[in-house]
Amino acid sequence: MGEILVGKIKELKSDVLDMGKLAVTMLKDAVEALKSQNTQLAETVLDRKTEIARMDEAIEEKALRMIALYHPVSRDMRTIAAALKMITYLTRIGRYAKDIAKTAVLLANEPHLSKLVEIPYMADKVVGMIDDALTAFENEELAPLENFAERDDEIDALYYSIFRESITYMMEDAKNITKCIHYIIIARYLERCGDHACKIAEKVHYMVTGEHIEIK
Amino acid sequence: MSNYAIETRNLKIAYGKKEVIKGVNFKIPEKIVFALMGPSGCGKSTLLRSFNRLLDLNKDARVSGEALLFGQNIYGENVDVMSVRREIGMVFQYPNPFPHLTIYENIAIGLRLNKIVQGREELDSRIKWALEKASLLDEVEDRLDDYPSALSGGQKQRLVIARVLAMKPKVLLLDEPTANVDPVGTKNIENLLMELKKEYTIVLVTHEPAQASRISDYVGFLYLGELVESGPTARIFENPKHELTDRYVRGILA
């Protein structure tokens with residue numbers, strides 16, 4: 001019976017990784033669409049929203065069935081537990097991508113301020129964290145998670161700096177307000193995605209070591 | 001007086017030249033269920049039997065090291081084997097009530113032989129008490145003169161447990177007590193053990209990790225005569241430290 005479960009878990013992990021890749025590309029594409037004012041690309045992100053929701057449900061169902069049928073323990077149980085939590089975080093990331101894509105459509109007709117402040121740079125950093133958390137999950141190793149607390153601090157600092165820069169533009173010219181409020185909201189979404197990357201990292205840490213940690 | 005019901009110190013057991021228990025050390029606190037799990041042939045039953053000196057019956061068996069019952073080495077000098085066995089009740093894999101004795105007599109015999117109770121009234125009340133403790137009284141109260149053949153496998157096993165409890169032991173040793181019992185009987189016996197641990201220390205041998213995870217507080221994993229790992233059950237099943245334990249509980253130990 002144990003070997004059957006081991007095979008099922010491999011499958012489950014690969015499903016979660018596929019879902020992770022989808023969430024990451026949605027986020028990347030949403031920010032790219034915003035930057036290049038490409039409404040077509042933004043629309044494709046919106047279309048992928050249903051796919052990520054479907055994956056969330058399918059993986060949850062599969063994981064729960066594995067618990068019911070195979071009574072997993074030890075590392076098997078920890079992997080399933082991590083997967084069940086991860087898919088929620090990945091769904092949230094996908095939803096933020098969708099929200100950013102919606103904003104990209106709204107902001108497609110006027111040039112951006114100051115090359116979109118630091119949003120693309122911040123998005124790269126966040127995507128890097130999600131990628132590393134997924135790599136750690138795939139290889140069941142802790143190395144990619146090593147400096148997550150510092151990286152999350154950097155994300156928080158970027159959010160704050162975008163916030164302040166946007167306020168400056170709003171004070172300069174009231175016509176900037178709509179755009180700048182969108183920038184602030186997007187930065188806030190990215191900051192949340194960074195937090196989700198940290199939560200994923202915590203679950204991977206639990207899966208690998210059996211110990212619960214909190215990344216602050 | 002030790003805080004541990006059972007403690008072993010470098011306990012080794014050999015049959016002839018073959019060492020089957022290779023220096024085992026552990027401590028079993030009082031009033032808990034301790035499960036000894038491991039694959040067939042790893043030495044679980046041998047280890048269990050050493051705790052009430054059942055191995056004395058096997059001429060080939062040699063025991064060294066110490067096995068302490070409430071702080072006293074049962075392999076020490078001047079130890080009265082009978083008194084050790086009275087303190088430690090044993091239940092085997094196959095329910096073994098005496099087939100030629102009634103339900104009542106199955107329990108009475110040990111009490112009579114050991115002159116533990118005086119008079120019919122005391123005997124009656126002790127037998128009812130034991131059946132009650134074994135959660136069997138309601139099912140057999142009106143047929144104490146029937147023979148055990150009328151009972152289901154699970155009921156037979158609970159009758160055996162009642163027979164053991166009647167002697168008022170401090171420790172119960174059970175060697176795969178549900179191996180020959182159906183799921184309902186298994187559930188009844190497991191519930192009974194959960195109840196009995198309030199008053200007794202229970203050591204359970206099982207080849208089924210799921211049973212250990214359901215009802216034990218502590219678990220020891222025995223493999224090829226060595227105690228690979230022991231600890232609180234939840235920890236062993238969530239996060240075992242040893243690779244072999246991990247593979248065993250997950251069911252992938254070759």
B:T206 passes all but one of the listed conditions (1) open to solvent by 20 Å² or more (accessible area, probe 1.4 Å); (2) away from every other protein chain (no Cβ under 14 Å); (3) modelled with pLDDT under 95; the exception is number (1)
Hey, does the stretch B:214-237 have a residue that's free of Cβ contacts under 8 Å to residues at least 24 places away in the same chain and more than 14 Å from chain A (Cβ to nearest Cβ)? no
Per the filter on the stretch A:170-184, residues of a type in the set (A, V, I, L, M, F, W, C) and surrounded by 11 or more Cβ atoms within 10 Å (Cβ to Cβ) are A:M170, A:M171, A:I177, A:C180, A:I181, A:I184
Within the stretch B:69-83, does at least one residue satisfy the condition of being surrounded by 18 or more Cβ atoms within 10 Å (Cβ to Cβ) and touching a residue at least 60 places away in the same chain (Cβ under 8 Å)? yes
Quick check, is A:K125 surrounded by fewer than 20 Cβ atoms within 10 Å (Cβ to Cβ), basic (K, R) and closer than 23 Å to A:D29 by Cα?
yes
### Query
Does A:A33 satisfy the criteria of being of a type in the set (G, A, S), in contact (Cβ under 8 Å) with a residue 40 or more places away in the chain and within 14 Å of chain B (Cβ to nearest Cβ)?
no
If we keep only residues of the stretch B:27-53 that are hydrophobic (A, V, I, L, M, F, W, C) and not in a strand (DSSP E or B), then the residue farthest from B:D246 (Cα to Cα) is B:F51
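Results for (1) within 25 Å of B:V249 (Cβ to Cβ); (2) of a type in the set (S, T, Y); (3) open to solvent by 50 Å² or more (accessible area, probe 1.4 Å), shown as yes or no for each residue.
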{"site": "A:G2", "(1), (2), (3)": "yes, no, no"}
{"site": "A:S14", "(1), (2), (3)": "yes, yes, yes"}
{"site": "A:G20", "(1), (2), (3)": "no, no, no"}
{"site": "A:V45", "(1), (2), (3)": "no, no, no"}
{"site": "A:I67", "(1), (2), (3)": "yes, no, yes"}
{"site": "A:D76", "(1), (2), (3)": "yes, no, no"}
{"site": "A:M86", "(1), (2), (3)": "yes, no, no"}
- prompt: Within the stretch A:196-214, can one find any residue that is of a type in the set (F, W, Y) and either more than 14 Å from chain B (Cβ to nearest Cβ) or in contact with a Cys (Cβ under 7 Å, 6 or more places away or on another chain) (or both)?
  reply: no
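The values are calculated or read from the model by the stated rules, or taken from the named source; none is laboratory data. What you see is a predicted model; the values in this text were computed from it and never measured. Cβ atoms come from the backbone with ideal geometry, glycine included; neighbour counts cover every protein chain shown. Note: areas computed on protein heavy atoms with side chains; ligands, DNA, RNA excluded. Shrake-Rupley method; radii C 1.70, N 1.55, O 1.52, S 1.80 Å.
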